[in-house]
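Below: the structure, in structure tokens.
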Amino acid sequence: MISFASTETAPSFDHPLEMLSACHGKIHRQLDTLQKLAAHLPAHGCDQQVRQAAQGILRYFDTAGQFHHQDEEEHLFPTLLALDTPEKSAVKALIADLLDQHAVMFAAWSDVRAVLVKLAEGVNTPLPEALVKKLVGSYTPHIELEETQLLTLSARLLSPQQIMALGKNMAERRGAKFPAAPAS
């Protein structure tokens, strides 16, 4: 059976950099599910597991995955670029690389998405291995770069107020309250 459920508790909007990192873990899990789906499909066709997995992957990348990129492109990147820091040229180069990678990832996702839509609808269609490899291959090094450079740099350079503004922006994008209400 293909499984993509998670029981992990996500960080709150009070910790937006940790939320971005947690999203990377979720992306990896969705990509793992995609690879399992691709391996399962040739032998079993578009069965219930394939349809459910395709629906879950689509749901994730069309919502949370999009929010993640918007959080970066519309708030985090501009905030970092506006900083007056001796590392400004390195920050600018890093963000330019990440934006270029986003374009490659979006194109790869678009190709995979077209197939997943058909599978989610129950249409037995092949999922070319090359499409899966291209998507996984575009996300994996990108996530590594964000984890090792972007988030580390952000934690070091951003003020508590800028981090709080990022969290508020992320909450607003998702229609959530900031700060998050304490769990009861």
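Tabulated data for the structure shown
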| read-out | value |
| --- | --- |
| Cα long-axis angle, helix 16-44 against the chain (0 to 90 degrees, to the nearest 10) | 10 degrees |
| Relative contact order %, segment 16-173, counting alpha carbon pairs below 8 Å whose residues are six or more apart | 39 percent |
| Sites residue 43 and residue 74, calculated FRET efficiency, Cβ-Cβ separation with R0 45 Å, nearest 0.05 | 0.60 |
| Dipole magnitude of segment 16-173 about its Cα centre (Cβ charges: Lys, Arg +1; Asp, Glu -1), debye to nearest 20 | 360 debye |
| Nearest-20 debye value, segment 129-168 charge dipole, Cβ charges on Lys, Arg, Asp, Glu | 140 debye |
| Out-of-range pairs (alpha-carbon distance over 31 Å; input 133/168; 92/118; 92/134) | 133/168; 92/118 |
| Three-way shape call for segment 67-115 based on the alpha-carbon gyration tensor, with the a/c threshold at 1.5 | oblate |
| Amide hydrogen neighbours beyond the local backbone of residue 125, cut-off 5 Å, H modeled | none |
| Where labels lie 7 Å past Cα in the beta-carbon direction, separation of residue 59 and residue 133 in nm | 3.1 nm |
| Loop-resident sites, segment 5-72, for GluC sites (Glu not before Pro), counting at most 12 other Cβ within 10 Å (DSSP) | 8 |
| Inter-label distance for residue 145 and residue 125, nm, one decimal - labels placed 7 Å from Cα along Cα-to-Cβ | 3.0 nm |
| Residue-count net charge about residue 106 - beta-carbon cut-off 13 Å; Lys, Arg +1, Asp, Glu -1 | -3 |
| Simple label model, 7 Å out from Cα along Cβ direction - residue 100 to residue 161, nm | 3.5 nm |
| Value at 222 nm in deg cm²/dmol, rounded to 500, when DSSP H runs of n ≥ 4 in the chain each add -39,500 (n - 2.57) | -23000 deg cm²/dmol |
| Estimated FRET transfer efficiency (residue 117, residue 21; beta-carbon r; R0 30 Å; 0.05) | 0.55 |
| Furthest towards positive pole of dipole, 15, 61, 40, structure part segment 15-73, Cβ charges | 40 |
| Reachable aspartates and glutamates, given that their alpha-carbon falls under 13 Å from the alpha-carbon of residue 177 and they are not under 8 places away in the same chain | 14 |
| Tail beyond 22 Å, pair distance distribution of the chain (Cα, percent) | 50 percent |
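Read-outs throughout are calculated quantities, based only on the coordinates presented, and are distinct from any laboratory measurement. Keep in mind the model is a prediction, meaning the values are calculated, not measured. Using ideal geometry, Cβ is built from the backbone for each residue, glycine included, and neighbour counts are taken over all protein chains shown.
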